[in-house]
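Encoded as structure tokens, the structure appears first; notes follow it.
The values are calculated or read from the model by the stated rules, or taken from the named source; none is laboratory data. Since the structure is predicted, the reported quantities are computational estimates derived from the model, not experimental observations. So basically every Cβ, Gly included, is an ideal-geometry build from the backbone, and we count neighbours across all protein chains shown. Heavy atoms of the whole protein, side chains included, go into the accessibility calculation; ligands, DNA and RNA do not. Shrake-Rupley method; radii C 1.70, N 1.55, O 1.52, S 1.80 Å.
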Amino acid sequence: MTDALSQETPAPSTAGAFAELLRIERLDENLFRGRCHAGAPMRAFGGQVAAQALTAAGQTLGAERHVHSLHSYFIRPGDPSLPIAYEVDRVRDGLSYATRRVTAVQRGEVIFTLSASFKTAEETPERQRTMPPVPGPEELPDPLPAFAEADPEGYERATIFRTMQMRFIPADAPGMPAEIPGVPQQFVWLRAGSPLPAEDGLLQVCALTYLSDLTLASTTALHLQPHRVQRGAAHKEAPQVLLASLDHAMWFHRPFRADDWLLFAQRSPSASDGRGLALGEFYNREGELVASAVQETLLRQRRP
């Protein structure tokens, strides 16, 4: 594995096609290699690591099985200047369900682990929570130009936000659910910044895994600071909190397109013991609940 990783792998361009962010190279039957861009300075973006790990798991299965859940842990910060090895363990292949475990390694150390479950499709009765009647993305401004104007240096460093499109829904917008005391919330429309092949279900799911890590962690800190894109000139100084993802779980309920607008309804029901918890639901434009996400974060206020 050391020799394989020592070979040069081009880092994907964050300004190019979104699918390139998820591209990995197969080195052996159960071994893959990828590169990730930075999220925080000198730290690989966790959503991209998770998406590439899920891509590796999915490539060891046939297209007849789709992923329905993942559970993952961020163990060490990844280095965006180095390739990442993804080692896949084929835990089980049953008649309906299959399980894969992926270990991401840099410099001989584990930086991330993921377990994913796949299944064949079934026709069963359905039910779901109703999507709130919030304004659509076409009614909302693009927040990135204001972010670039208020904090040019921060925007230049945040290449992550140039891979996708987002629209924040104001708290007082028509149709927004009332915020429960002690449970901060933010509702955001998200989509990939370039078209994705409609027939590639694995790519769509992995793209949403990437997108799900863009705003969910910040929901746990909303009682202390807004999302970085919304901080403006008054918040150019160092953030008030230390914030990092500890784990990430997702459930995929129905088919969707990650290059179409999806509403990400996020709430944080708890913050304590230096940790915050965030829950999120993804809805498509037709109001279908297509995925859910849960994340726990490291959440500490910076000392003066």
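Scanning the stretch 106-128 for residues that are of a type outside the set (Asp, Glu) and over 21 Å from residue 70 (Cα atoms) yields 106, 107, 108, 124, 125, 127.
Among the conditions (1) in contact with a Gly (Cβ under 7 Å, 6 or more places away or on another chain); (2) open to solvent by less than 80 Å² (accessible area, probe 1.4 Å), residue 118 misses just one, which is (1).
Just to confirm my filter: which strands (runs of 3 or more DSSP E) fall fully inside the stretch 1-114 and include at least 3 residues that are open to solvent by 30 Å² or more (accessible area, probe 1.4 Å), at pLDDT below 95 and out of contact with any Phe, Trp or Tyr (no Cβ under 8 Å at 6 or more places or on another chain)?
Counting at least 3 such residues, we get no strands (runs of 3 or more DSSP E) at all.
Contact map, the stretch 144-156: residues that are within 13 Å of residue 166 (Cα to Cα) paired with residues that are part of a helix (DSSP H, G or I) and not hydrophobic (A, V, I, L, M, F, W, C), Cβ distance under 6 Å, separation 6+ or inter-chain. Pairs shown: 147/155. Scanning the stretch 153-180 for residues that are at pLDDT 80 or above and out of contact with any Ser or Thr (no Cβ under 8 Å at 6 or more places or on another chain) yields a count of 16.
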